[in-house]
Amino acid sequence: MKSSVLPLALLASLTAVTAAEQGIIPFSEIRPGMTGVGRTVFSGTKIEDFQVEVIGTLENVAPRRNLILVRLSGGPLATTGVLAGMSGSPVYIKDRLAGAVGFTWAFSKEAVAGVTPIQEMLAIEDKETPSVASRARAPLPPEAGTAGLGFLRDPRGLPAYFSSYFDRLPSEGKASSPMTPIATPLLFAGMPRATLDALAPGLLRAGLVPIQGGSAGKGAAQGSEADLVPGAGVGLRLARGDVDISAICTVTHRERDRLLACGHPLLNLGPVDLIMTTASVNGLLPSLQESFKFASAGDDVGVFRQDRSTGVLGYVGKKPRTIPIRVEMQPEKGPGRRYAFDVVEDPFLAPYIIYAALNGVLSSEEKDYGDVTLAYKDGSTIKVAGEDDINLGNLFSGDLARMYASGTVAFLTQILLNSEYRSVHINGINLILGTADGRRTARLERAWASQDRVHAGDRLQVSVTIRPFRDPEVTRQIDIQIPEGVQPGRLVLQVGDSLALARTEQDDDDFMPKDLKQLIWLINHLRKNNRIYAVLTRGDNGIVFQGQRLPNLPPSVAQVMVRPQTRGNYLRVFYRGIAEEAVETDYAIDGYKLLSVDVEE
């Protein structure tokens with residue numbers, strides 16, 4: 001028995017010595033009534049002291065997690081209470097680092113805070129992993145269809161999807177306790193107020209306080225990596241350029257190039273790749289609900305690699321990978337304008353940031369309410385490293401066109417960065433957007449064929465009448481070739497818009513592309529909203545197996561090949577495409593007609 005007790009006692013002694021040598025006071029030594037100082041920035045980049053009194057400790061607030069309860073005073077805290085943005089402010093007791101201010105209570109009458117013990121923050125480095133594959137993914141929702149193609153065919157679900165984007169994350173402690181992580185200011189520069197208001201509910205549910213701001217401006221104190229010392233403001237930048245999005249908190253501890261901050265998670269995503277910046281405080285906003293710092297992110301100085309429950313960990317001097325995004329606006333009237341910004345290449349955050357940024361650009365260029373028409377023109381591409389470009393030609397019109405246009409690009413980014421086939425890098429996104437005021441939609445009224453009996457090799461002329469919104473009817477013609485060698489019998493002729501045809505082909509959602517190349521091919525061959533399609537089909541008993549079409553199989557063979565163990569690798573085909581042609585219009589088309597044609601010998 002004695003031999004087992006001695007090593008434990010010796011280990012405890014060695015741990016205490018190690019903590020003392022590092023200037024750390026362990027949680028086990030914290031007692032009510034102890035006093036100390038904290039450090040943070042209330043204005044500019046000047047680090048100031050505030051007073052701290054320990055009023056208690058909480059053990060096991062979560063598995064192997066503890067909390068130090070403190071009362072803060074000094075500076076503006078008597079007026080503001082605990083400020084959003086001071087998360088990570090280091091607290092020193094007996095000149096030793098105890099931890100970081102990280103938690104608070106809503107509507108508290110005093111500046112009472114929870115301090116995350118520093119030893120729990122230091123443990124973040126034990127989880128360091130360079131693997132890109134280990135980063136948090138944004139799984140595709142079931143309503144998006146297999147491989148996400150459902151949302152690309154029908155973008156009407158995209159606004160609701162991005163509005164609830166952060167609802168997938170667990171709300172740590174919020175349901176059972178009034179104690180919550182101090183909210184993190186999320187600063188938006190280059191973002192219109194109306195767009196920010198639309199994004200705010202989802203961000204607030206995630207513990208992020210959206211604040212409309214601007215850059216620090218020329219001549220403002222930007223700071224350098226040498227200024228990132230305990231108590232200094234630090235930024236976690238998600239986008240930079242004409243649109244700038246940055247979260248702000250405070251540096252807790254720095255050892256050479258390694259830096260700990262925040263004292264609670266940004267979103268608790270685990271491994272991340274976010275831009276580290278300097279930061280300056282422009283002012284304070286006292287509020288009964290939640291006071292916060294007006295701040296600006298400064299120069300890029302490093303990268304944050306871990307977002308964990310006790311804080312964030314980063315390295316000064318290193319660089320994250322980003323996605324360059326270039327937008328060229330080509331309005332129907334007036335001069336064009338170009339925007340350039342970069343977004344962190346994070347599988348979870350990048351889709352949402354792109355959606356928010358593009359909404360901001362389109363809102364600024366166009367309007368927030370009423371009908372608008374947006375068209376991705378030739379040259380609009382997503383460049384995927386090692387693969388073919390994704391081409392984005394399409395047209396959206398109506399009061400939600402802005403959300404559909406931005407949501408499509410954002411969701412494509414999600415599909416790529418969260419690919420199950422391999423890790424994907426996006427080399428750039430180039431967007432050329434034609435814009436016009438008003439609704440440009442057209443309803444398909446009638447469709448008829450030049451003849452109802454044809455022979456193999458004949459050319460069939462299909463006439464289609466559409467009625468544009470508030471304009472006279474227009475008739476367009478589609479010529480479709482009857483293939484040589486087609487067998488006699490009845491063909492079904494479908495005439496309609498891309499969405500209507502997609503609904504008739506819902507079985508396609510059961511088919512999983514076999515690799516990234518095939519997925520990109522399918523995306524590039526999705527039908528467009530501004531085209532009228534004429535599709536000839538006939539009944540079939542085939543399958544698409546591992547990407548290959550096997551038509552007209554005998555029933556017994558088809559039954560064997562689609563046995564349960566091949567689920568996900570096949571698509572049962574009850575009809576087979578014979579020919580397809582389309583005509584492009586200046587409208588978003590809506591409508592569907594069904595005709596038939598007999599092929600004679």
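Of all residues in the stretch 365-418, which are of a type in the set (Gly, Ala, Ser), surrounded by 20 or more Cβ atoms within 10 Å (Cβ to Cβ) and in a loop (DSSP other than H, G, I, E, B)?
Quick first cut of the stretch 365-418, residues of a type in the set (Gly, Ala, Ser) only: 370, 375, 379-380, 385-386, 393, 397-398, 401, 405-407, 410.
With surrounded by 20 or more Cβ atoms within 10 Å (Cβ to Cβ) added as a condition, the list becomes 375, 380, 397, 401, 405-407, 410.
Once the filter is applied, which keeps residues that are of a type in the set (Gly, Ala, Ser), surrounded by 20 or more Cβ atoms within 10 Å (Cβ to Cβ) and in a loop (DSSP other than H, G, I, E, B), the stretch 365-418 yields only SER380.
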Quiz item: ALA357 versus (1) surrounded by 15 or more Cβ atoms within 10 Å (Cβ to Cβ); (2) more than 20 Å from the chain's Cα centre (by Cα): which is the lone unmet condition?
Solution: (2)
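Listed here are the residues, each with its yes/no results for (1) polar (S, T, N, Q); (2) surrounded by 15 or more Cβ atoms within 10 Å (Cβ to Cβ); (3) assigned to a strand (DSSP E or B).
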{"site": "PRO483", "(1), (2), (3)": "no, no, no"}
{"site": "VAL486", "(1), (2), (3)": "no, yes, no"}
{"site": "ARG490", "(1), (2), (3)": "no, no, yes"}
{"site": "ASN529", "(1), (2), (3)": "yes, yes, no"}
Practice problem: Just name the residue that is farthest from SER423 (Cα to Cα) out of those in the stretch 343-363 that are β-branched (Val, Ile, Thr) and touching a Leu at 6+ places or on another chain (Cβ under 8 Å). | Solution: ILE353
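Which of the residues spanning the stretch 30-40 are more than 19 Å from GLY88 (Cα to Cα) and either loosely packed, with under 15 Cβ neighbours inside 10 Å or charged (D, E, K, R) (or both)? Steps first, please.
Here is the first cut: in the stretch 30-40, the ones more than 19 Å from GLY88 (Cα to Cα) are 31-34.
The answer is ARG31, PRO32, GLY33.
Which is open to solvent by 10 Å² or more (accessible area, probe 1.4 Å) and more than 14 Å from ASP242 (Cα to Cα), of GLY317, GLY311?
GLY317
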Practice problem: Just need a number here: residues in the stretch 194-228 that are modelled with pLDDT of 75 or more, in contact with a strand residue (DSSP E or B) (Cβ under 6 Å, 6 or more places away or on another chain) and surrounded by fewer than 18 Cβ atoms within 10 Å (Cβ to Cβ). | Solution: 3
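Find the strands (runs of 3 or more DSSP E) located wholly in the stretch 41-153 whose residues include 1 or more that are acidic (Asp, Glu) and open to solvent by 10 Å² or more (accessible area, probe 1.4 Å), and list them.
On the way: elements: 46-62, 65-73, 90-93, 96-105, 112-117.
Where strands (runs of 3 or more DSSP E) fall fully within the stretch 41-153 and carry at least 1 residues being acidic (Asp, Glu) and open to solvent by 10 Å² or more (accessible area, probe 1.4 Å), they are 46-62.
Matching residues to (1) outside any strand (DSSP E or B); (2) surrounded by fewer than 16 Cβ atoms within 10 Å (Cβ to Cβ); (3) in contact (Cβ under 8 Å) with a residue 40 or more places away in the chain:
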site: GLU445; (1), (2), (3): no, yes, yes
site: TRP448; (1), (2), (3): no, yes, yes
site: VAL462; (1), (2), (3): no, no, yes
site: LEU499; (1), (2), (3): yes, no, yes
site: ALA502; (1), (2), (3): yes, no, yes
Self-check item: Every pair of residues 6+ apart whose Cβ atoms lie under 6 Å, when the first sits in the stretch 393-404 and is of a type in the set (Phe, Trp, Tyr) while the second is outside any helix (DSSP H, G or I)
Solution: PHE396/LEU374; TYR404/PHE396
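The values are calculated or read from the model by the stated rules, or taken from the named source; none is laboratory data. Keep in mind that what you see is a predicted model, and the values were worked out from it rather than measured. Positions of Cβ are generated from backbone atoms using ideal geometry, with glycine treated the same way; all protein chains shown enter the neighbour counts. Side chains included, ligands, DNA and RNA excluded: accessible areas come from the protein's heavy atoms. Shrake-Rupley method; radii C 1.70, N 1.55, O 1.52, S 1.80 Å.
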